[in-house]
Each structure stands twice: as C-alpha cells, then as structure tokens.
Amino acid sequence: MKLRLGLKAGLAACVAVLLAAGAAIAQVATVTINSLTVRTGPGESYPTTNVFRRGDRVELLRRDGDWVYVQSSRGAGWVNQRYLSIESSSSSGSRPSSSSNIVYEARGRIETQRHRGSGTVEIVRLRNDDEVSIRLRSSRFSLEYIGSVGETLGGDPVLRVRYFRSSELGDRFVPAQGTCDLQTRDDDDRSRNRVREIYCDVQPESRYSEYWEYASSRFSAD
C-alpha cells in the first residue's frame, strides 16, 4: 500500500496548516511527586502503563473528575491531577474544547491489516511546537498516531511517529517508529490544503510485538 507522493507545494501547504493552526494549546503541568503512576483509564482500578518522575512536564489533554489524560516525552495516559502543578498562562486559563485543536477533519475509507470500511480522520495539534496527532475512527475501532511533522530527504512532509494506540488493544499508547505520509488533493488549486490520502507505515517497539498487525493503516478521503 505504498503511496506515491505528489505536488510538494500542496504537501508543504498542508504542513503549514498543521503548524499554524490551533492557537489554543492545552495546559502544561509539572509532576510534583517522585513516582506518579500512569494508568489506562481515569481511576485506580485501571492497569498501570507507566511512571512519571518528579519534574516531568506533561500536557493536559482531557479531564474526567480528578483524573487527567496527559502526554509527555515518557508517553501518555491517565494520572491524578492532585500530583500535578499546573503552569500559569497568559490566557484566561480555561481549558479549550477538544475541537479547538483540530486542524483537519474528513470522511473516507480506512484500511488496516485487519479491517476495511468507512470512517473519519482528525489531525490534531497537541503541543506548542510541531507535535501532531492523527486519529482514525470507524464504527468498529480507532487508531491514533502521535509524532512531529518533518520532511524526508526529498523534501516531502511526513508525520514522524513516536507513539501509537489501538482501541482493539485497550487504547494503550506504546512507543513506535515509522511515518505517516500525507498526500494532498491535486485536482485544483483551491483544494491543495485538503488531504487525499494518509499512509501510516509504523512498527511498534519489539517488546510490543502483539501490536504489529494493528499499527499500519491507510486513509483515503471521499
């Protein structure tokens, strides 16, 4: 399912949208205890996936009562917010709605090693740099890739994936390597910022071998 990328100008414009949009960024906090347990869901009954250390900086992406879903360089998951010190901001401090960080949405067809069918894609700005999430959803499953926008040696923009998750495996983020190539529409100048296809060629780290058949996917817009 290797895609042929075309129109570098269109791809560059798409990346410019990713980097320029999303002025409202989620809150940032610092871990205040030596070992902060990270869980798969908002509560102590959920399994542990990771441990954050004192001084780690995390970004708050979602809330559920006293629990927050955070992203950091160590990974992502749910933690109790009482062990976080939220950094002050020049803004009003209110949490932006999740839709405020979505810079692209489309419907189309999703293909993976296990499934094929219709669904949606969201491209979401996560951080105050170039970190981006690509989220694919169908009625049966969801996938998410998190990484940074970069360029290939040939100058083609890609998402360099650092983490991956699948709803079929408990929505647990695992470290991964690979790329999501974005191809923009090339039918006319007015649609150069629209994504025609996304091809994610991703391999989880070797200790997560059970994730292999879930990690790669292709999205084709309607």
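Set side by side, the residues LEU11, LEU7 differ, and just one is on the phi > 0 side of the Ramachandran plot and at pLDDT below 90, which is LEU7. Residues in segment 30-56 that are surrounded by 13 or more Cβ atoms within 10 Å (Cβ to Cβ), within 16 Å of GLY170 (Cα to Cα) and polar (S, T, N, Q): THR40, THR49, ASN50.
VAL68 meets all of the listed conditions (1) assigned to a strand (DSSP E or B); (2) modelled with pLDDT of 90 or more; (3) in contact with a helix residue (DSSP H, G or I) (Cβ under 6 Å, 6 or more places away or on another chain) but one, namely (2).
On the given criteria, is SER138 modelled with pLDDT of 85 or more and more than 12 Å from the chain's Cα centre (by Cα)? Yes. Comparison of TYR83, TYR46, TYR145 shows that the only residue that is in contact with a Cys (Cβ under 8 Å, 6 or more places away or on another chain) and modelled with pLDDT of 85 or more is TYR145. Taking residues in segment 114-134 that are at pLDDT below 90 and surrounded by fewer than 16 Cβ atoms within 10 Å (Cβ to Cβ), and partners anywhere that are of a type in the set (Val, Ile, Thr) and not in a strand (DSSP E or B), the pairs with Cβ atoms closer than 8 Å and at least 6 places apart or on different chains are ASN128/ILE25. Of the residues making up segment 177-193, not a single one is at pLDDT below 85, under 20 Å from GLU59 (Cβ atoms) and surrounded by 16 or more Cβ atoms within 10 Å (Cβ to Cβ).
Annotation: ARG162 fulfils all but one of (1) within 14 Å of the chain's Cα centre (by Cα); (2) crowded, with 22+ Cβ neighbours inside 10 Å; (3) modelled with pLDDT of 85 or more; (4) more than 19 Å from ARG116 (Cβ to Cβ); the unmet one is (2).
The values are calculated or read from the model by the stated rules, or taken from the named source; none is laboratory data. Model, not experiment: these values are computed from the prediction. Backbone-built Cβ (ideal geometry, glycine too); neighbour counts: all protein chains shown.
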